[in-house]
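Student: What follows is a single structure, and I will ask about it in a moment.
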Amino acid sequence: MKFFQKTWVAVAIALVMIAAAIFIGRTREDTIPNSPASVGLDTSLSTSQSASFLWDEAGVLSDSEERQINLYNANWLERYDSLVAVAVVPTVSGSLEDYAYDRAMSWELAAADAVLVIETDTGSAYFLPGDNYPLTDSQINSYMNTYLYDGV
């Protein structure tokens, strides 16, 4: 019994238990509805329809980034019949809000869609959701603050 009183044995057992818990959690994740594993990106979807909702006039997005945006939009279209159109421009004349609205109208976006405009010269961004967009204003603000503004 003195064997189990040694510190290294306790640490080793703890690490094995943690690894086992992670393994069990990962294997069960596929059966949990709406878990990341069960709703991951479907890379087999065609992005041809969503590609027309990406406008990189500033030329700052790489091919990989454009493919990723289009893949997310293809998945959102498939699952929720919604997308986020993206316009990356060097500068706009007038307000970003007006530009976003004009871009949404020219793209003929639906009420469940949104448009994200990024102005690279000023580092500004504006997100214009449709009336039936699935996220709340506070969720949108949180995502913009957490994931977008620092990168712009």
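The values are calculated or read from the model by the stated rules, or taken from the named source; none is laboratory data. Please read all numbers here as calculations on a predicted model, not as lab measurements. A quick note on method: Cβ atoms are made from the backbone with ideal geometry, for glycine too, and the neighbour counts reach across all protein chains shown. Quick note on the areas: whole protein, heavy atoms, side chains included, nothing else; ligands and nucleic acids left out. Shrake-Rupley method; radii C 1.70, N 1.55, O 1.52, S 1.80 Å.
Student: Which residues does the label zone of T122 cover in region 82-113, counting backbone N under 20 Å from a point 7 Å along Cα→Cβ?
Tutor: 86-105
Student: Same structure, new question: Report the full-extension gain for the segment Y80 to T136: residue separation times 0.36 nm, less the Cα-Cα distance, to one decimal in nm.
Tutor: 18.6 nm
Student: Would you kindly find the accessible area of Y72, with a 1.4 Å probe and non-protein molecules such as ligands, DNA and RNA excluded, rounding to the nearest 10 Å²?
Tutor: Answer for Y72: close to 110 Å² accessible.
Student: Let me ask something else. What accessible area per residue, rounded to a whole number of Å², is obtained for region 49-152 using a probe radius of 1.4 Å?
Tutor: In whole numbers, region 49-152 has 58 Å² accessible per residue.
Student: Could I ask something else about it? Whole-Hz Karplus ³J(HN,Hα) for region 78-89, in order, using 6.51 cos²θ - 1.76 cosθ + 1.60 and θ = phi - 60°, x for Gly and Pro?
Tutor: Values, residue by residue: 5, 8, 10, 6, 8, 8, 10, 6, 10, 10, 10, 10 Hz.
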